[in-house]
Each structure stands twice: as C-alpha cells, then as structure tokens.
Amino acid sequence: MGVIIGLEIHTQLSTASKLFCGCSTDYRNDGPNTHVCPVCMGLPGSLPRINRKAVEYALKVAKALHCEVCEEAEFARKNYFYPDLPKGFQITMYDRPLGVNGYIEIEGDDEEKQIRITRVHLEEDPGRLVHMGGGDRPRYSLVDYNRSGIPLLEIVTEPDLRSPQEARRLLNILRATLEYLRVFDGDREGSLRVDANISMEGYSRVEIKNISSYKGVEKALTFEITRQKSLIRRNQTIDRETRHFMEARGITTSSRSKEMEQDYRYFPEPDLRPLRVRDWVEYIPLPELPSARKDRFMIQYGISLNHARTLTGDLRLADLYEKVARVDPVLTATWIADTLLGELYYRDIGIGDVPISQFIELLELLKKGSITGKGGVDVLRILLDEVAGKKPVEYPSAIVERLNLGKTAGNEFLHLAKEVIANNPTAIEDYRKGKKGALNFLVGQLMKKTKGRADPRELGAILEALIAGKETEV
Amino acid sequence: MITRLDVQHIAELADIGIASEELDEFTHQFNEILDYFDLLDQVPEQECQRIPECNIWREDEIIPALSQEEITRNAPGTEGGFIRAPRVM
Amino acid sequence: MGFPDPYNAFITQCEPEKKGEGRLSGYTIAIKDNISTRGIPTTCGSRILEGYIPPYNAFAVDRVLAEGAIIVGKTNMDEFGMGNTTENSAYGPTLNPVDTSRVPGGSSGGSGAAVAAGMVRLALGTDTGGSIRCPAAFCGIVGLKPTYGRVSRYGLIAYANSLEQIGPMARSVEDVALLLNVISAYDSRDSTAVPKPYDHAPDPNIQGVRIGLPEEFFGEGVDHRVAATVYRAVERLEEQGAETVPCSMPSMQYALSAYYTTCMSEASSNLGRYDGVRYGLADDFRKHWHQAFQEVRQKGFGKEVRRRVMLGTFALSSGYYGKYYLKAQTARENVRADFARLFTMVDLIAGPTMPTVAFRLGEKSDPLSSYLADILTVPANLAGVPAISVPCENVHGLPTGLQLIGRYYDEERVIDAAYAYEQTTKKGG
Ligand SMILES: [Zn+2]
C-alpha cells in the first residue's frame, strides 16, 4: 500500500537578534524572561521591525532550494489565543510567502529523487510554556518569553515522500544545507520542529504535530503507518485529524481538540510594509552545498560515494575531514566515517570537540603502520574518553608508548609462531589438506599470544611460510 | 439575517464571554450594523495601488532587553522569573 | 490631592514636574490615555488595563518631554478609542465644558475638554476615524489629524493600526502647528512612519488656494444650521483670496462601511493580547485557560469594545473575509482614488467636521446611529490624508468645526488655511 508523506519544517534562523526586535536570540544560559522587550512581550503600543538579516537568510535558503522568489512578500497576522503567544496573533506569511515552487534532491528508496518544496516563509516563534502541578492535570502554567520572536523559517514540502526513511533523509540533507548556508545553529533548543502529513493511498490524511527531532519524525511516521494499516485491515475508518506525537512513548495520540475547526482569520500585518526583494537573489552568493561538496570529495580525494555522502552530510564533519585529509585521504575517510563517528555518538561528543592535532597524529601512526587498526581504535577510545571526561588529551604517540601498543614486526613473533605450529598438529594437517579455515584458526591462536600488537595478515604470512618450510624467508 | 445562535458562535470564535441576557440586544444590533455594511456590495472594482514604501527594516543588531524585573512587574502572577498563566491542558 | 477636574477630563493626574528647556518649555500638556507613558498608568479607558504601568514612553511623549513640556495627566477617552462621545469609558463620561449636559465628542474627549476648559495649553489626541477632530469641533478648539506616517505610532496602543495617528490639540492653530512640529520627527521604530518632519510656521496668506466643496459634506444627514455656518466660514476664506470649487465624492456612500469594517477587523486582532497574563486585569488562575480568557475579556471590556471585537472577528472569518474585509479595502482604494482625482483640481477640501453640534449625554445609545455621525471624518483616515478642525461660529451657543482636508504631507496648506480663517474670527467679525 502506498504511503504519502509531506512535511512542514520549522527551523530557527541563527540571527543575532530576534525577528522583530533587538533582543538577543542566545538565551541558552540565562533565566526566564531575561531576553524580552516591549515588542516580543507584546506590550500595548509596541511595534515590530523586520530584521534584514532574517530576510537575507530566508532568501538564501529559498535560492538553495531552487524556489522562485515572489515579487512582493508580505507579513500577515495569524490570530489565535494562547498564553505563550503574547500579542494574540503570530506574525507570519500567508498568501504572499518569500519563495515558492522549489525542490530538494534526496537519496530516495530506489534512486535519487526530487522532493518539491511548496513554499518557504518567515515567521516568529511563540514563547515557551511549562505545565505546573504535575500529572495529567496541571494546576497552572508558567511562561517564558525568551523564545518569543525568534525567527523561524517554515519550509513546506509537497506530499512527495514515500517512506519514513525518505522523510528522515530529507531532513538530514535539509539540515546539512541549512548548516552549509550558515543560517542555522543545530545546537539550540527547539532549533528544528516538524509537522507531518501522512496518508495511505486512497485514505484520509492525518497531521502529526509536535515532532522535535529527526529520529522522532521517523518514529512517529512508522508508528502512524502501522496504526493506519491496521485500521484498514480491520475495515475501520481513518479519521482526518490532527494527532500529537508523544516523543517519550513513541506514539501518536488524537488531540481531540477543536483545532480542526480553528479559523485563524489571516489578514495583512498593518504595522509592516511589504518586502520587494526578488532582485536581491542573484546577488546572494551561495556557498558550496552538500551535493556539490560530495562530488568534489569523490574527485579530489578519491573516496567512495558512501564515504563522501557521510562526510558531507554534516558541515562540521566535512570541515573536519578536509582539515585532516592530507595525511591520507582514503585512510582518513575510512577512519572518520567508519570508526570516529560511532565512537563520538557513543560518548555523545560533538564533532567540534574532536582534538584535531591528536587525531592527525593518530592517522599518521596508522599510515606509517606503527600501530595496527585495533591499536588505533584503542588509542582513539582513550583520546575520546579523555575528551568526554574533560581531562587533558594525550598525544597518541604517548599513549602507544605508555600502553606498549606499538606494532611489533611480525618476525619478532617467530618463536611464538613456532610454538603455535608445534601445539596444533591437527590444524596443520587440515591446512595441508587445503582447509582455509585452519589457517585462520592458527592466526587467531597467534593473535592471542601477541596480544593484538601485530597485523593479522602479516602473521598469516609468517605461519604460511613456516608451514611451507621456508623459515629463512621470513 | 444573524440569529442568536450565530451571535453565540461569533462570540465563541472571538473567544469573548457573552451573557444570555445580552444575546437579544447583540443580535438586534449586529443585524442593523451588518445590514448597513451591505453597502460594500456596491463598491466598484478598483485597481489596488501599490504601496510605495517597502523594505523597511532594521539591521541585525542586539538592543539590550528590559530587565526580568521590569518585564514581569506588570504581570498579575510570577514565579521564579516566569509569568503565571492558567493551565492549558 | 491633585487639581479639581469638574468635567472628568482626566483618568490619571500626574505629579507636577519641573519644567524643562525647549520649544515647549513650561507648556502644560495632557496626554490621551492610549499613549504610553513610562511609570504612569495607561488604561485606554478600559478596565482590562487596570494597574498597567508602561515601562516605556511613546515616541511622541519622549518628544514633548524633550522640548520641556509638563505632563499634567492622562485624559479620558472612549475605551480603546471606540466611540465619538467619551461615554464609552470605564472611568465615567467626560462632560463638555461649553455645556455640561452634552458630550465633548470622542474618542479624545478628555483631551478636548481639558484644552477647552483651559486646564492645559496643549493636548495629544489620537484620530482613527475622527477622534481628534470630533472633540475639537464639539468643544470649540483646534485639532489636527496628521498624514498617516507623519507621526510615529510607537507607544500608541493600537485600535486600528492602518487608520490612526497621534495628533495635536490646542486652542490656537499656532499651538497646533508647534506641537505637530515637535512630534513629527522621524522614528524608525514605526515601520509605517515616513521621514518628513513638519517645519513650517503658519502663514495666513491663502491667495489663489483652490478649495473643493464636496456636495456630500453638505447633504443628507448634515444639520442645515451646521452646513450654513461652514458655508459662511468658507466665504471668509474666499474673502482672503481662496477660490471655491463645487465637487463630489461618490465613494462617501460606502466610506463608513469600509471604515467600520476595517477598524473592527484590526481591533479584533489588536485586542487579543489582553489575556490577563502579562499585564492588566488578572485571570482566574484556578480556571482553564480558555474559560479564564473568555471571562477576563467579558469582565474587562465594555459592551462597545466587545461588539466591535466580535464583528471584526466575523468580518475576518473564513467565508466572510471576501465580503467584508476585502471589499472594505477596495472601498478604501476608491476613497483614495476620489481624493487623488479631487486634488488634481483643488488644493484643499472643506466641509463641516461633524454633521451636528455636540450630542446630549446618553443621546447616542444606539451603536449604528453613533457610527453614522463619523461620516465626514472617516474619509481622511481611509485615505491617510491630513485634516484639521478649526472652530467656526456657534450654533445655538454650541461650537461647530470647519474641516479642511489636504494632500498627503501637505499639512502646511491645511494649517495655513485654518490659520487664515482663525485670523478672520479674531478680528471680531
Ligand atoms: Zn524583544
């Protein structure tokens, strides 16, 4: 059964000040209501003023997503009443958005595909509500208006996605694009929020609100597909409704509110003038975007498509790679994509916290063959544990020396190899009969004795030579 | 013709409380006023003039916020720098 | 404590301050209570703003203080500016100093009465559909609604953003011009403000100025005694060298509908912020948000405000937006087009400010009949052009106003003509 998914993505733009006032957008380390002024508090008589940078950022994104920029864009009021919405309306764009009819390329389930972008527009974020009194029935709410007025970019896609995995991939590439454009700071709380529309082909559409992470999107959609398919199997109807995603429990629940019949009574914001910025677009330079960088990585560094895709999928990762690639582009790509990422994720360490010069030295040791792959992993883990523990980070050469991880040339293990051969006559017999597995067994035995300090391939060669009676050659 | 039910619905949409004894009065007045507004049906089409002013904005510069004390001083209820509001759930 | 206020012109009286230096040094001034004043309660004549003390000054307030004026107090008004009698105030009606059985007009009735009674030399009012000119006419003083964009609205508590302006009120055209001069400095915090500060001293020479007299300003619904008085005033201007031209403004027939639809729509949105959370009348915190919000609005807003918020909500609601809000904007275009056409032929348009003299207290109890009295003032707001009301002869002892409307940013000519007329009345003629 076909699945049809469209996304509405809200992302914070990383301007220094808010969309309509001069309050700072960086309130991460400050108490509630400390970045608030008459404008973002909605005090009577205050008036909004458009932040030029926010318009520029929005145009950058519109251009990167191949949108047509409208000749005249206009802010409008979306009227609804909620305690975190200080003016009783949200200033957003309605029938005159900044950009329309764009697209973004993603790696689809089958092949590369274009997901159409319906529109891109600017709007302000509301404040933040805390429910007090616990349990299912809070007694009252507390409001913090620090977030009120943070610039948001809303990006709406056409229902062109066919699976939760495609949805996640779209978010990944979109996030990377926003980072490359330097209009987005993924570290900020609530920096990316998603509403999703999902339907099974031929059935009613359900809207899922309140998804605040990438993994959440995939989870919510997967849950919803299972739910809707089982309703269809049991011949029950799928209601056209709005559902909320409960991140902690991984399920969606019917919001059962009057939101369905919400009438926002949009009209043009009379306190602001229209934007006529289409002519800017050609003068806005776009940086190299993820797909272009991916292609360049493959050509310039000779790395695989998969590695190039992984490395360019995150701006900081791609930058890190280019800083250390000179040691050996292919070796470096393999180490970052296949080992470093997982170790960082395991320890919840950001890419920005990777100790560059230590990492370069580690790659150099690996390239020279001074340590084995396994030894390299050990060193990396020690390094990252030190980062995670906020301890001084040692240099790999010091760790290698301290723990005697240095790779010993295989011939130093000659006597150990002889011991192994002497102790396993049956395996030798099997090997001579042509059983490949026997050699692997012998290498394993020898690895144990060398405590992993030697290269298994080299050990295999020594054993083969010994068994063949060519001791002198090794 | 606006009915009492319509007025109740409008009050609900506007989120404004209305007492039942006010309903007749409001219904009567709304009908009078909206009948008068029907004059708008006779408005001839007119090309909308482009507002000459556009692109009025400010640079992305931080202006110091008000202090938490100043910003919460007018609030009927506060708690640890937060502003109190009725429950929404 | 405080000073006697026999006409209930003030909602809040201020502690006397020392006069500052500047062009208004030592001048007393009253501020309409929908203009924000730092540290001084600002209520908009509404219970819903009970206890609210703005942490900042409106731009116009900063300007008058910078020029040395002394703020005497905050004046009474129809709640949020919604009315033309000042009876729609949570703080009781203001009385007309000329005849205390009558209203002072509105919504800037407190400012009008305070100036007329000599309690202050100057006042700031606001004009959304006539709210400066109506009390000026009813109280016998001068009041000017500037061109939309001339004076920053920063700190003016919004009723209908696309229509309203802060403007000067005083007993003489000279004082009105001086106050306009002070408050029309450019303020970038209002994105609809235009950097065109007014800088002109009144000049009574109006030789060759062409004045249009639209028939609609003297026709049905206009008290013939008021019309006759205004015609005589226009004759005085002709004696000073002005030429008059009969003309017509067909868009007047739906101007009032366009005005009320627009101001109600904008008000329904502007007044959504009064929810008892951040300031003003407190919510009942034991209740659910939705219920507490409805109740605080029922309790905090007077009937006329609730009426307009509901009708404005209706006019913007899906299914009716096209019939009301959008049609009103088209009607506005027609009014603008009418003015544009007339101003290719004439320099000014003249007529009565109000179709009648001041109403008796309680006379306008029916909302629609009260709305109809705004017919002559709303066209200037719909188009955004400047308009002044200057006192002419009394009718049965009650003041009337001559309204002069000019081209965009042509306050100079509006003020000069008003000044020329004022000079003729001073000669005792
Ligand atoms: Zn702010």
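Here are some notes:
- Distance between modelled label sites at residue A:292 and residue C:365, nm, 7 Å Cα→Cβ extension: 7.5
- For the stretch A:290-403, the per residue solvent-accessible surface stands at 48 Å², with DNA, RNA and ligands left out and a 1.4 Å probe.
- Listing of the stretch C:360-393 residues, each with accessible area lower by at least 50 Å² in the full protein assembly than in the chain alone (probe 1.4 Å): C:368
- Under 14 Å of direct C-alpha separation, and excluding same-chain neighbours fewer than eight residues apart, residue C:196 reaches these aspartates and glutamates: B:53, C:187, C:410, C:411, C:412.
- For the stretch C:288-312, accessible area lost to neighbouring protein chains reaches 20 Å² or more, against the chain alone with a 1.4 Å probe, at C:288, C:289, C:290, C:293, C:294, C:297, C:298, C:303, C:306, C:307, C:310, C:311.
- Rounded, prolate or oblate (a/c below 1.5 giving rounded, otherwise prolate when a/b exceeds b/c) for the stretch A:3-283 by Cα gyration tensor: oblate
- Of the solvent-accessible surface of the protein assembly as shown, computed with a 1.4 Å probe over protein heavy atoms with every protein chain present, carbon and sulfur atoms account for 49 percent.
- Pairwise label distance in nanometres, residue A:205 with residue A:66, each label 7 Å out on the Cα-Cβ vector: 2.2
- Database remark: amide H of residue C:37 closer than 5 angstrom to the amide H of C:58 (H placed geometrically; neighbours at sequence offset of 5 or more, or on other chains; Pro and chain starts carry no H).
- A convex hull fitted around the alpha carbon atoms of chain C yields 133 Å³ per residue.
- Pairing chain A with chain C buries about 2900 Å² of accessible area. This figure sums both sides and uses a 1.4 Å probe.
- Note that chain C presents 30 Å² accessible area per residue, ligands and nucleic acids not counted, probe 1.4 Å.
- FRET efficiency, 1/(1 + (r/R0)^6) with R0 51 Å, evaluated for residue C:25 and residue A:213 via beta carbons: 0.25
- Threshold 30 Å², the stretch C:9-58 residues less accessible with all protein chains present than alone (1.4 Å probe): C:52, C:55, C:56
- Förster-model FRET efficiency, 51 Å R0, residue A:95 and residue A:367, C-beta, rounded to 0.05: 0.30
- Dividing the mean sequence gap of close Cα pairs (under 8 Å, 6+ apart) by how many residues the stretch A:1-153 holds gives a relative contact order of 26 percent.
- Looking at the stretch C:76-171, none of the trypsin sites (Lys or Arg not before Pro) sits in a DSSP loop with at most 11 other Cβ atoms within 10 Å of its own Cβ.
- Residues listed by number, the stretch C:305-325, amide nitrogen under 11 Å from residue B:4 label point at 7 Å toward C-beta: none
- Our helix-only sum for chain C, with -39,500 (n - 2.57) per DSSP H run of n ≥ 4 divided by its residues, gives a mean residue ellipticity at 222 nm of -10000 deg cm²/dmol.
- Buried area at the C-B interface (accessible, heavy atoms, 1.4 Å probe, summed, Å²): 4700
- Counting charges near residue A:114 (Lys, Arg +1; Asp, Glu -1) among other residues having Cβ under 9 Å from its Cβ returns a value of -1.
- Chains B and A together, accessible area buried on both sides, 1.4 angstrom probe, square angstrom: 3700
- For chain A, the longest principal axis of the Cα atoms and the long axis of helix A:315-324 meet at an angle of about 30 degrees.
- Of the GluC sites (Glu not before Pro) found in the stretch A:87-117, those that fall in a DSSP loop while having at most 10 other beta-carbon atoms within 10 Å are A:111.
- Counting only residues at least eight positions apart within a chain, or on another chain, the lysines with an alpha carbon under 20 Å from that of residue A:113 are A:63, A:294.
- Hydrodynamic estimate: the Kirkwood radius of the stretch A:1-63 over Cα pairs, inserted into Stokes-Einstein at 4 °C and 1.567 mPa s, corresponds to D of 92 µm²/s.
- Stretch in chain B that is longest and holds no GluC sites (Glu not before Pro) that DSSP places in a loop and that have at most 13 other beta carbons within 10 Å: B:1-44
- Between helix A:414-423 and chain A: long-axis angle, C-alpha atoms, 0 to 90°, nearest 10: 80
- Helix A:164-180 vs. chain A, principal-axis angle (Cα, 0 to 90°, nearest 10): 80
- Given R0 = 30 Å, the distance between the Cβ atoms of residue C:239 and residue C:196 translates into a calculated FRET efficiency of 0.40.
- Gyration tensor analysis over the Cα atoms of the protein assembly as shown returns equivalent ellipsoid semi-axes of 73, 28, 26 Å (largest first, whole Å).
- Listed by chain and number, the lysines whose alpha-carbon sits under 16 Å from that of residue A:435, ignoring those within fewer than 8 places in the same chain, form an empty set.
- Taking 0.36 nm per residue of separation and subtracting the current Cα-Cα distance, fully stretching the chain between residue A:436 and residue A:395 would add 10.8 nm.
- Remark: mean inter-chain Cβ contacts per residue of A:125-132 equal 3, using a 10 Å Cβ-Cβ cutoff to other protein chain atoms.
- Sparse-neighbour loop sites [trypsin sites (Lys or Arg not before Pro); the stretch C:263-368; at most 15 other C-beta within 10 Å; DSSP]: C:286
- For the listed residue pairs A:60/C:327; A:209/C:287; A:18/C:323; A:53/A:87; C:32/C:364; A:323/A:374, the alpha carbons are over 31 angstrom apart in A:60/C:327; A:18/C:323.
- Sorted largest first, the spans of the alpha carbon positions of the stretch A:409-473 along the three principal axes are 29, 24, 19 Å.
- Springs join every pair of Cα atoms under 10 Å in this Gaussian network model of chain C, and among C:198, C:52, C:325 the largest mean-square fluctuation is at C:52.
- Shape category assigned to the stretch A:345-439 from the gyration tensor of Cα positions, a/c cut at 1.5: prolate
- Scaled radius of gyration (Cα, divided by 2.2 N^0.38 Å) that the stretch B:8-63 gives: 2.04
- Cα centroid separation - the stretch A:80-107 against the stretch C:308-335, whole Å: 23
- Normalised by 2.2 N^0.38 Å, where N is the number of residues, the alpha-carbon radius of gyration of chain A equals 1.27.
- Across all directions, the average flat footprint of the convex hull enclosing the Cα atoms of the stretch C:36-170 is 7.2 nm².
- Interchain or long-range residues, amide H under 5 Å from residue C:28's placed H: C:70, C:121, C:122
- Structure remark: mean-square fluctuation, Gaussian network model of chain C, C-alpha springs under 10 Å; the largest value among C:116, C:160, C:315 belongs to C:315.
- Relative to the current alpha-carbon distance between residue A:137 and residue A:331, full extension at 0.36 nm per residue lengthens the span by 64.2 nm.
- Gained length - residue A:422 relative to residue A:105, 0.36 nm times residue gap less alpha-carbon distance: 108.0 nm
The values are calculated or read from the model by the stated rules, or taken from the named source; none is laboratory data. Computed from a prediction, not measured in an experiment: that's the story for all the values here. A quick note on method: Cβ atoms are made from the backbone with ideal geometry, for glycine too, and the neighbour counts reach across all protein chains shown. The protein model used for the area step is the full one, side chains on, heavy atoms only, and it has no ligands, DNA or RNA in it. Shrake-Rupley method; radii C 1.70, N 1.55, O 1.52, S 1.80 Å.
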